[in-house]
1. Could you name every one of the strands (runs of 3 or more DSSP E) located completely within the range 93-171 that has at least 2 residues being modelled with pLDDT of 70 or more and crowded, with 16+ Cβ neighbours inside 10 Å?
2. What are the residues in the range 40-53 that are in contact with a strand residue (DSSP E or B) (Cβ under 7 Å, 6 or more places away or on another chain) and modelled with pLDDT under 85, if any?
3. It is to be established whether one or more residues within the range 55-67 are under 16 Å from PHE138 (Cα atoms), open to solvent by 50 Å² or more (accessible area, probe 1.4 Å) and either modelled with pLDDT of 70 or more or assigned to a strand (DSSP E or B) (or both).
4. Does ASP14 satisfy the condition of being of a type outside the set (Val, Ile, Thr), at pLDDT 85 or above and surrounded by 16 or more Cβ atoms within 10 Å (Cβ to Cβ)?
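The values are calculated or read from the model by the stated rules, or taken from the named source; none is laboratory data. Note that the structure is a prediction, hence the values are computed from the model and not measured. Positions of Cβ are backbone-derived with ideal geometry, glycine not excepted, and every protein chain shown enters the neighbour counts. Just so you know, the surface numbers come from the protein's heavy atoms only, side chains and all, with ligands and any DNA or RNA stripped out. Shrake-Rupley method; radii C 1.70, N 1.55, O 1.52, S 1.80 Å.
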Amino acid sequence: MSLQKGLIGHWSMDSRDVDNGLLRDRSAYNKHGTINGPTTGETGIIGEAFSFDGTDEIDIPNDTLSTVSPSGDIAISLWFKTDSTDDQRIGEFRNPVDFTLGLKNGNIRWQVYDGNFQPAEPQPNFETDVWTHIVAQFESNFIEIYKNGVLEGDAEVNDGNSVDKDLNLGN
């Protein structure tokens, strides 16, 4: 299986992929994001990383994400490091169904909101200042969150509507 099969976006977070305020998408779809505040050039686990201060984000416009729908299966994979277990957003698809990946009360949390919060949330065990690989997926009304390859939480959720807002990375 090819990495490109089913891939709708690949943002490396490397400074070589930053051009005129845009973070270039390395997939075949050219779904570039607008950089709103975060700085690049930090050392990442693979290449470089962005540093977010709690208000920064990278905005990938909805019109470039028309292939994404929560009624279909999705998976998000990323490396993440934080200096705090305070509540924070890592990324989200917004409205009418809200898929959010972030930290809540020291937990990594992957949730769906369609009028009610439906989280997959393990027990508090998130470490600060350590690179962590996170995979969050939604498949057939079921959400799962993996930390470093180990299933940490899952939940059955209601089916959602199509995503019609931007994808936001960071906070």
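1. In the range 93-171, 98-104, 107-113, 117-120, 132-139, 142-147, 150-156 are the strands (runs of 3 or more DSSP E) which contain 2 or more residues that are modelled with pLDDT of 70 or more and crowded, with 16+ Cβ neighbours inside 10 Å.
2. Hits for the range 40-53 are THR40, GLY41.
3. So in the range 55-67, the residues under 16 Å from PHE138 (Cα atoms) come out as 67.
Retained after the next criterion (residues that are open to solvent by 50 Å² or more (accessible area, probe 1.4 Å)): 67.
Subset that is either modelled with pLDDT of 70 or more or assigned to a strand (DSSP E or B) (or both): none.
Scanning the range 55-67 turns up no residue that is under 16 Å from PHE138 (Cα atoms), open to solvent by 50 Å² or more (accessible area, probe 1.4 Å) and either modelled with pLDDT of 70 or more or assigned to a strand (DSSP E or B) (or both).
4. Numbers: of a type outside the set (Val, Ile, Thr): yes; at pLDDT 85 or above: yes; surrounded by 16 or more Cβ atoms within 10 Å (Cβ to Cβ): yes.
It is true that ASP14 is of a type outside the set (Val, Ile, Thr), at pLDDT 85 or above and surrounded by 16 or more Cβ atoms within 10 Å (Cβ to Cβ).
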